[in-house]
């Protein structure tokens, strides 16, 4: 794989002109024929803005959870398996717990822990990739073989093995996902460092004779961080999916904690009670979908290579 | 690999024939990129294999917990003679490097240890579960490729159109949705509400599997001309395969689109158009061919992951493949089985990568000669 995981590879979004500030001659004829609602939709920044809204909304939910959730996420009652209604917006589960409150509280598990996964993985990836790219030679060789090695397992299987060997818990699931996800960032960081190192201004700065660490921090790092943000945004969605998957399998967050993946896992036995699985799933999809759209958009803005095509 | 200046072949090898052979080999090495690549990749493969075996060894031998107690039970493990006999039987009383040696030699003989969950050799378990995963994976891959390639191409050609945007949303949805959730929803709608397909397993209860040839029920039943069993097996396969294909479609469609966009504005495409070649011919012969390499890489990686089973989808559909075996054994801390699955999966990955790299060189002369 060239660099990064498959989900990092994307095209462009609707509404993005071929060149900034230039009329898009390529599609003018086609656009004139498209329906009016479509033109309105396209002229607004549309999807990216909606995506940003969704992400901000979830961030608010994470911070204000107790104010938003009407019930205790662990509070059981005799009103079990009630369908969605006025009192229980998303219905109740087999123990009479309010599904809406559990989805809201679930955001406090999945979102912060996924952010933690990505922050740690990016940090490790930056250090390893940066060192490999900067020093090259055998250091590069050894580090990249290590990366190849981790890549030779499908991430979910490797995470499964690690989480199982360490024992099922949220903390170990986070650890397992870090182990499987840092190599992606290391590869990206390495290629970014390599291309930054070959630019003239870095060569000029290095001629002044600063220490390796200083040259890295002052000249190379700023050129690496921007693109890394894009990969981190796209990686955050992946981290959430993996975390929810491990919890679904019983290797992440443990009951009775309200977590989206384990809620869906609990719904498996009652799958005719559709609301139990539907709403936590929609929560996952909405965040990951929004993050992927934002990541795509950021990438379009930051990646000049795509603009010239 | 080139000889240092000033050292003649005679000085280096001493015998004229060997110089001749050496220079021939060197020339062969330099002019056959494909051979060079195969040799280099084989070397990397050996190193990787060593790494995998070390990890599996660490996993099976050093994971916290008492293997003797796990295997024999607490009571028996407390009898010193029994413990001693067990340790001697499995070489657990020897130093770690020796234990590693024993482990690798048994691996090379196809002995992956015994599963505590199924009480059978892990190799036997894999033999049963792997064909099921391959069958499911092939069908899912087929569905995904057959839809994603043309739609990715169309999206790139009609870039910015409503169709492109709609496909973009569909693909994003595909990669943003947890497969276990789609599986459950699918199970509820398709299987429970409408009763269109059976819910779980590989065959209907009571149905006998076809005689074992490949272990893939669809192919085995066709081989003996048993169309009823074939239909039954396919009926069980279709929903999990479609669920798997949704995520794959998302990745492949986006990938194809951007790969085609990278090349579609190249001069040689313009030249082909200027020559008046028909558009479909340009798309397939010129554009898609150039975009083929990255698509092949992704397909290869996905294929490898499908061959080793999809943990989540197989779990949801209670489909007895490698993925479900992996998650069940992992949950039960069946270390030998997990290590066995890891080794199998890593081997599949490495071999697939190897094949993809070779195909690369065959398709793209730049890879071969560069």
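None of the figures in this text is laboratory data; all of them are computed from the coordinates on show. Computed from a predicted structure; not experimentally measured. Neighbour counts run over all protein chains shown; Cβ positions are idealised from the backbone, glycine included.
For a footprinting-style exposure proxy, rank A:220, B:197 by other Cβ within 10 Å, fewest first. Mind showing how you got there, number by number?
Details: A:220 23, B:197 17.
Arranged by neighbour count, lowest to highest, A:220, B:197 become B:197, A:220.
Where is the GNM fluctuation largest for chain B (alpha-carbon springs, 10 angstrom cutoff): B:264, B:47, B:143?
B:47
Multiply the residue separation of residue B:266 and residue B:36 by 0.36 nm, subtract the distance between their alpha-carbon atoms, and state the gained length in nm to one decimal. Walk me through the numbers on the way to the answer.
Working: separation 230, 0.36 × 230 = 82.80 nm, distance 3.05 nm.
Value of the extension gain: 79.7 nm.
So what's the gap between the Cα centers of region A:182-261 and region B:188-215, to the nearest angstrom?
44 Å
Which residues among region B:132-173 fall inside the zone where the amide N is under 14 Å from a point 7 Å beyond the Cα of residue B:222, along Cα→Cβ?
Answer for this model: B:135-136, B:138-140, B:142-143.
Can you give the helix-only mean residue ellipticity at 222 nm for the protein assembly as shown, where every DSSP H stretch with n ≥ 4 adds -39500 (n - 2.57) and the sum goes over all residues, rounded to the nearest 500 deg cm²/dmol?
Values: 32 runs with 472 residues, N = 679.
Computed ellipticity for the protein assembly as shown at 222 nm equals -22500 deg cm²/dmol.
Quick check: residue separation of residue B:109 and residue B:84 times 0.36 nm, minus the Cα distance between them. What number comes out in nm? Each step should come with its number before you reach the end.
Working: separation 25, 0.36 × 25 = 9.00 nm, distance 2.54 nm.
So the extension gain works out to 6.5 nm.
Determine the relative contact order of region B:122-369: mean sequence separation of Cα pairs under 8 Å and six or more apart, normalised by residue count, in whole percent.
Working: 300 pairs, mean separation 72.2, N = 248.
Worked out over region B:122-369, it gives 29 percent.
Cα centroids of region B:310-328 and region B:75-147: how far apart, whole angstrom?
18 Å
Inside 10 Å of the C-beta atoms of B:152-162, what's the mean count of C-beta atoms belonging to other chains?
Working: counts 1, 0, 0, 1, 1, 0, 2, 9, 14, 7, 9.
Taking the mean over all residues of the peptide, I get 4.
Which whole number gives the average count of other chain Cβ atoms within 10 Å of the Cβ atoms across peptide B:165-177?
Mean partner-chain Cβ count within 10 Å for B:165-177: 6.
So, R0 is 30 Å and r is the distance between the beta-carbons of residue B:359 and residue B:275; what FRET efficiency does that work out to, to 0.05? Let's see the in-between values first.
Details: r = 29 Å, r/R0 = 0.98.
Plugging the Cβ-Cβ distance into 1/(1 + (r/R0)^6) gives 0.55.
Could you tell me whether the protein assembly as shown comes out rounded, prolate or oblate from its Cα gyration tensor? Rule is a ≥ b ≥ c as square roots of the eigenvalues, rounded for a/c under 1.5, then prolate if a/b exceeds b/c, otherwise oblate. Kindly include the intermediate steps, with their values, before the conclusion.
Numbers: a/c = 1.41, a/b = 1.04, b/c = 1.35.
Since a/c stays below 1.5, the shape of the protein assembly as shown is classed as rounded.
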